[in-house]
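Student: What follows is a structure written as C-alpha coordinates; I'll ask about it next.
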Amino acid sequence: MKKVEIHSLVHVARMAANEPPDGPRRDDGDSESKTGIVTKTRPKTKKPNLYKVLLLNDDFTPMEFVVLVLQRFFNKGQEDATRIMLHVHHKGVGICGVYTYEVAETKVTQVMDFSRQHGHPLQCTMEKE
Ligand code: TYC
(Lines give C-alpha, C1' and ligand atoms only; values in the text may rest on other atoms or scores of the structure.)
Protein backbone atom coordinates (compact mmCIF):
# COMPACT_ATOMS: atom_id res chain seq x y z
CA MET A 1 0.00 0.00 0.00
CA LYS A 2 1.37 3.43 -1.04
CA LYS A 3 1.76 5.91 1.78
CA VAL A 4 -0.11 9.20 1.24
CA GLU A 5 0.55 12.34 3.27
CA ILE A 6 -2.50 13.84 4.99
CA HIS A 7 -1.87 17.31 3.49
CA SER A 8 -1.93 15.74 0.02
CA LEU A 9 -5.37 14.31 0.74
CA VAL A 10 -6.58 17.75 1.81
CA HIS A 11 -5.20 19.14 -1.42
CA VAL A 12 -7.03 16.50 -3.46
CA ALA A 13 -10.26 17.10 -1.51
CA ARG A 14 -10.02 20.82 -2.24
CA MET A 15 -9.41 20.15 -5.93
CA ALA A 16 -12.47 17.88 -5.98
CA ALA A 17 -14.48 20.69 -4.39
CA ASN A 18 -13.04 23.08 -7.02
CA GLU A 19 -11.27 25.09 -4.34
CA PRO A 20 -7.75 26.45 -4.62
CA PRO A 21 -5.10 24.67 -2.53
CA ASP A 22 -4.85 27.56 -0.08
CA GLY A 23 -8.52 27.59 0.91
CA PRO A 24 -12.01 28.33 -0.43
CA ARG A 25 -12.86 31.31 -2.61
CA ARG A 26 -16.15 32.67 -3.94
CA ASP A 27 -17.50 31.00 -7.06
CA ASP A 28 -16.32 33.10 -10.00
CA GLY A 29 -19.41 32.28 -12.04
CA ASP A 30 -17.35 30.86 -14.89
CA SER A 31 -19.16 27.51 -14.71
CA GLU A 32 -15.96 25.46 -14.85
CA SER A 33 -18.10 22.48 -13.81
CA LYS A 34 -20.14 22.89 -17.03
CA THR A 35 -17.37 23.70 -19.49
CA GLY A 36 -14.31 22.00 -18.04
CA ILE A 37 -12.45 25.25 -18.81
CA VAL A 38 -10.68 26.80 -15.85
CA THR A 39 -10.51 30.59 -15.87
CA LYS A 40 -9.35 33.11 -13.28
CA THR A 41 -11.55 36.06 -12.37
CA ARG A 42 -9.55 39.05 -11.22
CA PRO A 43 -11.28 42.42 -10.70
CA LYS A 44 -9.74 45.06 -12.96
CA THR A 45 -8.79 47.92 -10.64
CA LYS A 46 -6.44 50.02 -12.77
CA LYS A 47 -7.41 53.67 -12.42
CA PRO A 48 -7.19 55.91 -15.50
CA ASN A 49 -4.92 58.95 -15.46
CA LEU A 50 -7.02 62.08 -14.93
CA TYR A 51 -6.55 65.58 -16.29
CA LYS A 52 -7.85 68.94 -15.05
CA VAL A 53 -9.24 71.21 -17.75
CA LEU A 54 -8.37 74.81 -16.88
CA LEU A 55 -9.66 78.18 -18.04
CA LEU A 56 -7.31 81.16 -18.02
CA ASN A 57 -8.29 84.75 -17.36
CA ASP A 58 -7.81 87.54 -19.91
CA ASP A 59 -8.90 91.17 -20.10
CA PHE A 60 -11.16 90.90 -23.17
CA THR A 61 -13.42 87.84 -23.18
CA PRO A 62 -16.88 88.90 -21.90
CA MET A 63 -17.95 87.31 -18.63
CA GLU A 64 -21.22 86.11 -20.22
CA PHE A 65 -19.27 84.28 -22.90
CA VAL A 66 -17.19 82.40 -20.29
CA VAL A 67 -20.39 81.44 -18.45
CA LEU A 68 -21.83 80.16 -21.75
CA VAL A 69 -18.67 78.08 -22.36
CA LEU A 70 -18.92 76.51 -18.90
CA GLN A 71 -22.61 75.69 -19.45
CA ARG A 72 -22.18 74.36 -22.99
CA PHE A 73 -18.97 72.31 -22.72
CA PHE A 74 -18.74 71.50 -19.01
CA ASN A 75 -22.43 70.93 -18.24
CA LYS A 76 -22.52 73.56 -15.50
CA GLY A 77 -25.69 75.30 -14.38
CA GLN A 78 -25.94 79.12 -14.38
CA GLU A 79 -24.88 79.36 -10.73
CA ASP A 80 -21.84 77.04 -10.88
CA ALA A 81 -20.76 78.51 -14.21
CA THR A 82 -20.88 82.05 -12.77
CA ARG A 83 -18.97 80.97 -9.66
CA ILE A 84 -16.19 79.34 -11.73
CA MET A 85 -16.01 82.30 -14.14
CA LEU A 86 -15.64 84.77 -11.23
CA HIS A 87 -13.00 82.51 -9.64
CA VAL A 88 -10.97 82.64 -12.87
CA HIS A 89 -11.58 86.39 -13.21
CA HIS A 90 -10.16 87.00 -9.72
CA LYS A 91 -7.47 84.30 -9.42
CA GLY A 92 -6.28 84.03 -13.02
CA VAL A 93 -7.01 80.32 -13.48
CA GLY A 94 -9.71 77.83 -12.52
CA ILE A 95 -10.81 74.22 -12.96
CA CYS A 96 -13.73 73.49 -15.30
CA GLY A 97 -13.67 69.73 -14.71
CA VAL A 98 -11.54 66.58 -14.42
CA TYR A 99 -11.57 63.97 -17.21
CA THR A 100 -9.66 61.15 -18.81
CA TYR A 101 -7.03 62.23 -21.37
CA GLU A 102 -9.12 61.99 -24.54
CA VAL A 103 -12.20 63.68 -23.03
CA ALA A 104 -10.07 66.51 -21.59
CA GLU A 105 -8.32 67.00 -24.94
CA THR A 106 -11.69 67.18 -26.74
CA LYS A 107 -13.00 69.80 -24.28
CA VAL A 108 -9.89 71.97 -24.73
CA THR A 109 -10.22 71.82 -28.53
CA GLN A 110 -13.95 72.60 -28.40
CA VAL A 111 -13.43 75.64 -26.15
CA MET A 112 -10.49 76.98 -28.18
CA ASP A 113 -12.37 76.56 -31.49
CA PHE A 114 -15.59 78.09 -30.11
CA SER A 115 -13.73 81.08 -28.62
CA ARG A 116 -11.78 81.75 -31.82
CA GLN A 117 -14.95 81.50 -33.92
CA HIS A 118 -16.45 84.26 -31.74
CA GLY A 119 -13.31 86.43 -31.85
CA HIS A 120 -12.42 85.99 -28.16
CA PRO A 121 -8.91 85.27 -26.85
CA LEU A 122 -10.13 82.88 -24.11
CA GLN A 123 -7.51 80.21 -23.37
CA CYS A 124 -8.22 76.69 -22.20
CA THR A 125 -5.61 74.09 -21.28
CA MET A 126 -5.21 70.76 -19.49
CA GLU A 127 -2.87 69.47 -16.79
CA LYS A 128 -2.32 66.02 -15.30
CA GLU A 129 -3.89 65.69 -11.82
N1 TYC B 1 -11.61 89.01 -17.14
C2 TYC B 1 -12.72 88.99 -18.08
C3 TYC B 1 -13.44 90.32 -18.06
O4 TYC B 1 -13.25 91.11 -17.16
C5 TYC B 1 -13.69 87.87 -17.77
C6 TYC B 1 -13.07 86.49 -17.89
C7 TYC B 1 -13.32 85.54 -16.92
C8 TYC B 1 -12.28 86.16 -18.95
C9 TYC B 1 -12.79 84.26 -17.01
C10 TYC B 1 -11.72 84.88 -19.09
O11 TYC B 1 -11.49 82.69 -18.23
C12 TYC B 1 -11.99 83.96 -18.10
N13 TYC B 1 -14.29 90.53 -19.05
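Student: Which of the residues spanning the range 90-129 are under 15 Å from Pro62 (Cα atoms), open to solvent by 70 Å² or more (accessible area, probe 1.4 Å) and outside any loop (DSSP other than H, G, I, E, B)?
Tutor: His90, Arg116, Gln117, Gln123
Student: Does Asn57 satisfy being within 17 Å of Met112 (Cα to Cα) and either at pLDDT below 95 or surrounded by fewer than 14 Cβ atoms within 10 Å (Cβ to Cβ) (or both)?
Tutor: Judged against the criteria, Asn57 is not a match.
Student: Can you say whether Val67 is open to solvent by less than 90 Å² (accessible area, probe 1.4 Å) and over 25 Å from Gly119 (Cβ atoms), as far as the supplied structure shows?
Tutor: The answer is no for Val67.
The rows are residues; the columns are (1) within 11 Å of the ligand (Cβ to nearest atom); (2) hydroxyl-bearing (Ser, Thr, Tyr); (3) in contact with a strand residue (DSSP E or B) (Cβ under 8 Å, 6 or more places away or on another chain).
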residue: Pro43; (1), (2), (3): no, no, no
residue: Tyr51; (1), (2), (3): no, yes, yes
residue: Asp58; (1), (2), (3): yes, no, yes
residue: Thr61; (1), (2), (3): yes, yes, no
residue: Phe65; (1), (2), (3): yes, no, no
residue: Gln71; (1), (2), (3): no, no, no
residue: Gln78; (1), (2), (3): no, no, no
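The values are calculated or read from the model by the stated rules, or taken from the named source; none is laboratory data. Note that the structure is predicted; figures quoted are calculated from it, not measured. Positions of Cβ are backbone-derived with ideal geometry, glycine not excepted, and every protein chain shown enters the neighbour counts. Heavy atoms of the whole protein, side chains included, go into the accessibility calculation; ligands, DNA and RNA do not. Shrake-Rupley method; radii C 1.70, N 1.55, O 1.52, S 1.80 Å.
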